[in-house]
Amino acid sequence: MERKGLLIAFEGIDGTGKTTQIELLAEALRQRGLSVVATREPTDGQYGRKIRELYKNRKSVTPEEELALFLDDRREHVAQVIGPALALGQVVLTDRYYYSTAAYQGAAGHDPQKIIAANELFAPVPDMVIIIEVPVSLGVHRVQKLRGETLNDFEQEETLARVARIFAGLNGRNIRRIDGTGNAGGVHAKIMENVAGLF
């Protein structure tokens with residue numbers, strides 16, 4: 001499939017503000033006349049719904065089965081949403097992508113680099129990966145206090161500490177690291193500085 005659009009993936013541990021920042025960036029790009037598709041993983045498709053069920057009980061599947069669900073969900077996402085949008089020349093902003101799978105499944109014992117390699121056999125490589133970084137304690141605080149949510153099986157503090165270490169070790173020319181500890185407007189300004197070069 002020919003690729004005319006741009007793909008920007010937002011990554012980071014839970015509570016970094018990815019969802020807020022995608023909304024702000026999508027609005028800013030639309031005001032510039034660009035056609036934007038904002039999407040997320042896990043998706044709302046058949047595999048994504050199964051993954052969301054694991055938030056309550058991650059032990060219901062083996063680590064291998066869990067990884068397979070993420071890959072199946074992404075294949076469907078690429079085929080149904082990401083690929084067609086890129087072919088139409090749209091800007092795709094995804095809230096999580098295969099770097100999250102590498103980090104979270106890596107924290108569960110898989111090899112992060114093997115996960116990335118397996119995904120890149122079928123998933124488009126992002127033009128930019130924005131990894132928003134905050135201390136684990138702040139991410140947990142935001143999930144519990146600001147969202148008023150109970151930590152799910154993927155959000156336990158010791159798990160997130162391992163996830164954060166893997167994110168910190170990822171490298172590539174398309175990766176940009178953004179300090180997410182400031183207010184939403186300040187973080188958005190930093191993101192705009194980084195994505196400006198793509199346009």
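The values are calculated or read from the model by the stated rules, or taken from the named source; none is laboratory data. What you see is a predicted model; the values in this text were computed from it and never measured. Note that each Cβ is placed from the backbone with ideal geometry, even for glycine, and that neighbours are counted across all protein chains shown.
Identify all residues within segment 17-34 that are part of a helix (DSSP H, G or I) and not hydroxyl-bearing (Ser, Thr, Tyr); write none if there are none. Across segment 17-34, the qualifying residues are 18, 21, 22, 23, 24, 25, 26, 27, 28, 29, 30, 31.
Of the listed requirements (1) under 20 Å from residue 178 (Cα atoms); (2) in contact (Cβ under 8 Å) with a residue 60 or more places away in the chain, residue 58 misses just one: (1).
Here is a yes/no grid of residues against (1) of a type outside the set (D, E, K, R); (2) under 16 Å from residue 123 (Cβ atoms); (3) touching a residue at least 40 places away in the same chain (Cβ under 8 Å); (4) assigned to a loop (DSSP other than H, G, I, E, B):
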| residue | (1), (2), (3), (4) |
| --- | --- |
| 15 | yes, no, yes, yes |
| 68 | yes, yes, no, no |
| 71 | yes, yes, yes, no |
| 78 | yes, yes, yes, no |
| 81 | yes, yes, yes, no |
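Applying the set (1) within 21 Å of residue 98 (Cα to Cα); (2) among the hydrophobic types (A, V, I, L, M, F, W, C); (3) at pLDDT below 95; (4) in a helix (DSSP H, G or I) to residue 116 leaves exactly one unmet item: (3).
Only one entry of 186, 139, 197, 182 meets the criterion of being farther than 27 Å from residue 52 by Cβ, in a helix (DSSP H, G or I) and modelled with pLDDT under 95, and that entry is 197.
Give the number of residues within segment 156-179 that are among the hydrophobic types (A, V, I, L, M, F, W, C) and out of contact with any helix residue (DSSP H, G or I) (no Cβ under 9 Å at 6 or more places or on another chain). Number satisfying all stated conditions: 1. For segment 7-28, a residue qualifies if it is over 11 Å from the mean Cα position of the chain (by Cα), surrounded by 21 or more Cβ atoms within 10 Å (Cβ to Cβ) and within 20 Å of residue 197 (Cβ to Cβ), and the qualifying residues are 7, 21, 25.
Could you please find all residues in segment 33-54 being of a type in the set (Ser, Thr, Tyr) and surrounded by 15 or more Cβ atoms within 10 Å (Cβ to Cβ)? Please lay out each step first, then the result.
To start, the set of residues in segment 33-54 that are of a type in the set (Ser, Thr, Tyr) comprises 35, 39, 43, 47.
Those that are of a type in the set (Ser, Thr, Tyr) and surrounded by 15 or more Cβ atoms within 10 Å (Cβ to Cβ): 39, 43, 47.
Look at (1) under 18 Å from residue 9 (Cβ atoms); (2) in a helix (DSSP H, G or I) and you find that residue 37 fails only one, number (2).
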